[in-house]
Structure formats: structure tokens, C-alpha cells
Amino acid sequence: MKNILIIGATGQIGSELTLKLRRIYGGDRVVAGYIVGCEPKGELLESGPAELADISNAQQLAEIIKKYKIDTIYNLAALLSAVAESKPMLAWRIGVDGLLNVLELAREHKCAVFTPSSIGAFGPSTPADKTPQDTIQRPQTIYGISKVADELLSDYYYKKYGVDTRSVRYPGLISNVTPPGGGTTDYAVDIYYSAVKSGTFECPLKAGTFMDMMYMPDALDAAVNIMEADPAKLKHRNAFNITAMSFDPEILAAEIRKHIPSFSIEYKLETMRQAIADSWPNSLDDSCAREEWGWNPRWNLENMTEDMLKVIEEKHKKGLI
Ligand code: SER
């Protein structure tokens, strides 16, 4: 039976993953860890316990682990790529020093640990098309450097201490629930909101910028399924390439136009985001995840776009956005 702590439960992934894990394992077994200023509200607050869980405060985390007999930690604390570039020291403190706090506690209290990695863990010298599972990783962003350090530290704690660490390299995540903040792939979320609200979108990346993407329901399934996977079948651990689709802004805009024919896109480049996007892969090879733990995404560009527009249009009609 799992007793789970989610660090970053009110963030982009956490606010949906917490509810999903509560539906699977029971509300009282999944603790929503948050920081001051990001308190849980609504269903997230009402469906189970919530605790202040600052990743930089090992003592605070230790008390939660003891109080709830935690055996599994979902460590979702991070700054996304563009924000991290403006606060590199903070990005490292949260991403790497924070993970070390979690790994030390996991070693002591025998917890399994999931820490997402990212397509950001690759860099300009990585093969950009069908990027292999095991390949060159020389990222040039602090976000990517932190993610590579996280992958290596997680493998180190598994090999040296037997801590059950597992991870996936998420592509850009697209959701209609909690907006992302400061990522390079976020244009692919913003574009849907702009399409519904104004029928036009100012794109910070240029046409032809391909990146891997995924609809949030698939990302949540990945987080659950990798932690449930038979360890005997895992040849890799930290971290598995996973993807669901790869597109550029033009392809995405054309898909939206199938539903909103008058939709228009204009390009207003942001130099930093473009440089980050150019240094990331165009498309990942996720065959190891498929073979080792049955990764199989359900959402593609067509059904995701239909669903995104339906949900966002409903929110817009109700005056929620
Ligand atoms: N979505 C993230 C970002 O753009 C990548 O993992 O920063």
C-alpha cells in the first residue's frame, strides 16, 4: 500500500497528479505538499491532507514522512526553463540541492522517488531527430544542467543505496487546468487560450521550431505507471525518454484552424526562448519506455486539440478565463 508525499502539489503537474493519485490510492494516503504563497484550494484542499513541504527544508519533509509513514515521494519542485535562466542560483537550489534533501530522506526512510526530467536535459550536440535514450547530454541551460545532475544523482542513490528512483524525460506538457509558468514549450498551451479568447496568437518561437509535446492525461499516466512498473523489467531508471507528438507552431496553428478557421498566428520572437528551443531535440525515441514498462500515449495532436478547445471554450463562456 502506498503512502505518498507530493512536493509541489499545487504546480503545473502536481495539481492534477495529486487528484489522480488520490483517486487511485485513496485521498488520505496522498499528502499535498505546498509552499507559502501556493496553498491548495478547492478539491485539492478538500480531498486529502495538505502540509507545508518546502524542498529546501529537510526537517519539515522528515516530519511529514514520519507523520504519514510516507513510502513514495513525487518530487515535482522545479523552476521551468525560461524562469530558471533569470534565477539560476534558485533553480539549482530547488532542483539539485532540493533533490539531495529528498534522496537522503528516501535513503533513511526507504521511500521510492519520482523526479521528472525533461527534453531540456539534452543540448545542441545531442542528435536532434529520434533522439536516442542513451546519448550525448551537454545542455546549455541551468534547467537542463540541473536535470542532468538530477538524473545522475537519482541513479547514484539507486546503485549505491538501493533507493528506488525512477524518472521520465517529459516533453512540453499541455493542459487546460493549471497554466505552466515560464517554460519554453508553453507557447503550445498559450496558443489555445489566445485562439479562443481573441482568435489570434503572437508566437515567441519561429515557424519550423519542432519540439516534443504531450497532453497532461498521458503525462499523469506516465508518472503512475513508471512507479508501478515491475523493477525486474527496468534496464534504465533515470530517466526514460517519453513523447506523444512532435510539431512546430505552423502545424499546431493549422490544427487549430480546423476548428476556428479564422485563427491567425503572428511571429514575435523571444530570443532567449528561441535559443533554448533550438538547443532541444525535435523528436525523441521513446522505444525503451515502451519496451521496459509499456509506455503507450493515448493523445495525439488531433484529439488533444479537439479536447483543449472544447474545455477552454466552456471556461470562456462561463467567464472563468
Ligand atoms: N516544459 C519545460 C520547459 O519548457 C520543458 O521541460 O521549460
Starting from 0 in steps of 20 Å, tell me what percent of the Cα-Cα pairs of the chain lands in each bin. 33, 59, 8
I need the shape label for the stretch 50-201. Rule: rounded when a/c is under 1.5, else prolate if a/b > b/c, else oblate, with a, b, c from the alpha carbon gyration tensor. oblate
Treating each Cα of the stretch 206-321 as an identical point scatterer and ignoring solvent, apply the Debye formula and state log10 I(q)/I(0) at q = 0.16, 0.18 Å⁻¹. -0.92, -1.06
For the chain, what is the mean residue ellipticity at 222 nm derived from helices alone (per DSSP H run of n ≥ 4: -39500 (n - 2.57); sum divided by total residues; nearest 500 deg cm²/dmol)? -12500 deg cm²/dmol
What is the count of Lys pairs in the stretch 137-261 whose alpha carbons sit under 27 Å apart, if the two are 8 or more places apart or on different chains? 12
What does the extension gain come out to for GLU46 and ASP28, with contour length at 0.36 nm per residue minus their alpha carbon separation? 5.4 nm
With all protein chains in place and a 1.4 Å probe, CYS38 shows an accessible area in Å² (nearest 10) of 60 Å²
Please give the Cα centre distance for the stretch 154-179 versus the stretch 1-59, rounded to the nearest Å. 17 Å
Counting all C-alpha pairs of the stretch 126-207, share separated by more than 21 Å (%): 49 percent
Ignoring ligands, DNA and RNA, what accessible area per residue does the chain give at 1.4 Å, in Å²? 43 Å²
Using a 1.4 Å probe on the protein heavy atoms, what percent of the accessible area of the chain belongs to carbon and sulfur? 52 percent
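Any chance you could run the full-extension gain for LEU90 through LYS20? It's 0.36 nm times the residue separation minus the Cα-Cα distance, nm to one decimal.
Computed gain between LEU90 and LYS20 is 22.3 nm.
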Ranked highest first by the average count of other Cβ atoms within 10 Å around their residues, in what order do 193-201, 41-49 fall? 193-201, 41-49
So how much slack lies between HIS109 and ASN296, counting 0.36 nm per residue of separation and subtracting their Cα-Cα distance, in nm? 64.1 nm
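The values are calculated or read from the model by the stated rules, or taken from the named source; none is laboratory data. All of these numbers come straight from a predicted model, not from anything done at the bench. In this analysis, Cβ positions are derived from the backbone assuming ideal geometry, glycine residues included, and neighbour counts consider all displayed protein chains. We work out accessible area using only protein heavy atoms, side chains counted, and drop any ligands, DNA or RNA first. Shrake-Rupley method; radii C 1.70, N 1.55, O 1.52, S 1.80 Å.
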